[in-house]
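So the structure is just underneath, and the comments pick up after that.
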Amino acid sequence: MGTETTSPLPRILISACRFGQPVRYDGGHTRTASDVLDRLEATGCLIPFCPEVAGGAQTPRPSGEILGPGGGDGVLDGTARVVEADGTDVTSLYVTGARLTLDLVRRHGITHALLQDRSPSCGSSIIYDGHFSGNRHPGHGVTTALLRRHGVTVFADLDALVDGLDLRNHL
Ligand code: SF4
């Protein structure tokens with residue numbers, strides 16, 4: 001799903017659903033109207049990728065949540081698992097997706113990412129608590145955990161990314 005680009009701006013990983021691709025567990029996407037995102041896309045710097053689809057997930061699919069301590073880091077360290085509501089353990093799919101995302105990031109020399117918060121893969125500040133009760137708590141997903149371990153700066157907020165990379169004058 002990665003694309004080559006001739007943009008003079010640094011390449012930025014973006015959650016594919018946030019880019020508008022219908023890869024969410026429910027078959028939808030999470031893109032919302034944004035002039036800033038439109039202009040960023042027009043520069044060719046955005047590289048959309050879905051860790052879960054890359055890891056082998058179907059769309060639509062049952063949603064997953066991280067169960068156990070440590071969020072995405074706990075999954076990487078073996079103290080937590082990713083499960084579906086019926087208890088099916090899908091940890092390996094999520095870890096595979098995270099590793100493939102890291103491979104993509106390395107291939108493109110990516111240092112910054114705009115990911116979809118609350119996801120068990122892409123979440124960067126808040127995730128669900130693993131009990132499918134709608135409760136959330138601070139934490140990040142499996143892919144975000146792995147990317148952060150390898151020095152990638154992950155944002156959930158578009159304006160924070162644009163300001164953090166000082167991109168506003170380029171848009
Ligand atoms: S894994 Fe990430 S890119 Fe894929 S649907 Fe979930 S939030 Fe979007």
Quiz prompt | Hits in region 70-111 - residues which are surrounded by fewer than 20 Cβ atoms within 10 Å (Cβ to Cβ) and in a strand (DSSP E or B) | solution = Arg81, Glu84, Asp89
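A quick yes/no check of all residues on (1) within 11 Å of the ligand (Cβ to nearest atom); (2) more than 17 Å from the chain's Cα centre (by Cα):
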{"residue": "Gly68", "(1), (2)": "no, yes"}
{"residue": "Gly97", "(1), (2)": "yes, no"}
{"residue": "Leu104", "(1), (2)": "no, no"}
{"residue": "Thr111", "(1), (2)": "no, no"}
{"residue": "Leu114", "(1), (2)": "yes, no"}
{"residue": "Ser125", "(1), (2)": "no, no"}
{"residue": "Phe132", "(1), (2)": "no, yes"}
{"residue": "Asn135", "(1), (2)": "no, yes"}
Exercise. Looking at (1) more than 13 Å from the ligand (Cβ to nearest atom); (2) not in a helix (DSSP H, G or I), find the lone condition where Asp38 falls short.
Key: (2)
Quiz prompt | Among (1) of a type in the set (S, T, N, Q); (2) modelled with pLDDT under 95; (3) within 16 Å of the ligand (Cβ to nearest atom), the one test that Thr6 misses | solution = (3)
Exercise. Output yes when any residue across region 16-32 is of a type in the set (D, E, K, R) and farther than 21 Å from Gly164 by Cβ, and no when none is.
Key: yes
Practice problem: Assess whether Val82 counts as being more than 15 Å from the ligand (Cβ to nearest atom) and hydrophobic (A, V, I, L, M, F, W, C). | Solution: no
Self-check item: Candidate set: region 42-53, residues that are more than 12 Å from the chain's Cα centre (by Cα) and in contact (Cβ under 8 Å) with a residue 12 or more places away in the chain; chosen: the one nearest to the ligand (Cβ to nearest atom)
Solution: Leu46
Quiz item: So Ser92 fits all but one of (1) more than 17 Å from Ala57 (Cα to Cα); (2) away from the ligand (no atom under 14 Å from the Cβ); what number is the exception?
Solution: (1)
Exercise. Kindly indicate the residue of region 9-29 that is surrounded by 19 or more Cβ atoms within 10 Å (Cβ to Cβ) and part of a loop (DSSP other than H, G, I, E, B) and also farthest from the ligand (Cβ to nearest atom) among those meeting that condition.
Key: Arg11
Quiz prompt | Residues being free of Cβ contacts under 8 Å to residues at least 60 places away in the same chain and closer than 18 Å to Leu40 by Cα - total across region 84-121 | solution = 0
Self-check item: Filter result for Ala156 (surrounded by 21 or more Cβ atoms within 10 Å (Cβ to Cβ) and farther than 21 Å from Leu9 by Cα)
Solution: no
Practice problem: Check region 137-149 and report whether any residue there is over 14 Å from the mean Cα position of the chain (by Cα) and either part of a loop (DSSP other than H, G, I, E, B) or among the polar types (S, T, N, Q) (or both). | Solution: no
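Given the structure, is Gly70 at positive phi and not acidic (Asp, Glu)?
So Gly70 fits the description; yes.
The values are calculated or read from the model by the stated rules, or taken from the named source; none is laboratory data. Keep in mind that what you see is a predicted model, and the values were worked out from it rather than measured. Methodologically, a virtual Cβ is constructed for each residue, glycine included, from the backbone with ideal geometry; neighbour enumeration extends over all protein chains shown.
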